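**Student:** First the structure, which I've put down as structure tokens, then a few questions once you've had a look.
What follows draws every value from the coordinates through simple rules; no lab data is involved. It should be emphasised that the depicted structure is a prediction, and the values quoted were computed from it without experimental measurement. Positions of Cβ are backbone-derived with ideal geometry, glycine not excepted, and every protein chain shown enters the neighbour counts.
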Amino acid sequence: MILMLMCLSFTTLNEINAQNLTSESVLGINMGLSLAGVLFNLAELEDDITVSNNPAIQLTYDYAINDVISIGAAGSYQRYVLSYTNYDGVENQDFDVKIARTNVAARALFHYGGNEKIDLYSGVRLGLTNWSVDVGADNITDFVPPQSAGIFFAPQLVAFGIKGYFSPNFGVNAELSVGAPHYFSMGISYRFLGKNNNN
């Protein structure tokens with residue numbers, strides 16, 4: 001899908017007048033795949049542990065200072081569940097360990113020109129990630145929960161992003177990134193046109 005959008009963008013780049021991004025705001029809702037989620041699923045755990053996780057759910061807001069630079073904020077949430085069955089060999093001693101990751105960050109994007117239908121960009125995202133652990137096994141005294149709780153610095157490089165609009169306001173988006181909280185995300189965008197916009 002990304003390759004198709006890229007081909008569409010380069011094909012139409014010279015056919016449509018350049019877009020004036022100044023004062024434009026874009027709100028995005030995305031779902032992302034994270035390296036942590038992949039590692040959880042690939043981890044070789046004991047037979048009595050089942051691992052599951054949801055995609056990272058993300059909300060982004062970007063404001064265009066000019067045609068090239070935008071600044072904004074982003075928030076992301078993802079949950080992982082470790083389900084224990086017959087813990088420590090005791091029948092029916094079942095419980096879940098829920099691990100949640102919440103990320104808040106500021107981000108700055110560099111836009112490659114684009115037009116009123118296609119916006120190509122790269123950028124950087126700097127934020128904090130809070131890991132929390134909830135163990136649903138108060139009566140099990142010998143259980144040691146995963147040592148993942150705490151707040152950590154979470155930088156991310158947005159290697160390539162694209163937003164494609166099928167109307168002046170509504171569109172779809174996708175990003176390839178390096179770092180937390182995801183390496184790939186896609187979703188929908190709503191664009192608030194700036195007063196100087198040429199649309």
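**Student:** Once the piece of chain linking THR85 and SER23 is laid out straight, how much longer is it, given 0.36 nm per residue of separation minus the C-alpha distance between them?
**Tutor:** 16.9 nm
**Student:** How many nm separate the modelled label positions at ILE188 and LEU157, each set 7 Å beyond the Cα in the direction of the Cβ?
**Tutor:** With each label placed 7 Å out from Cα toward Cβ, I get 3.3 nm.
**Student:** Can you give the extra length, in nm with one decimal, that the chain gains between ILE71 and SER52 once fully stretched, where that is 0.36 nm per residue apart less the Cα-Cα distance?
**Tutor:** Length difference between fully extended and current span is 3.4 nm.
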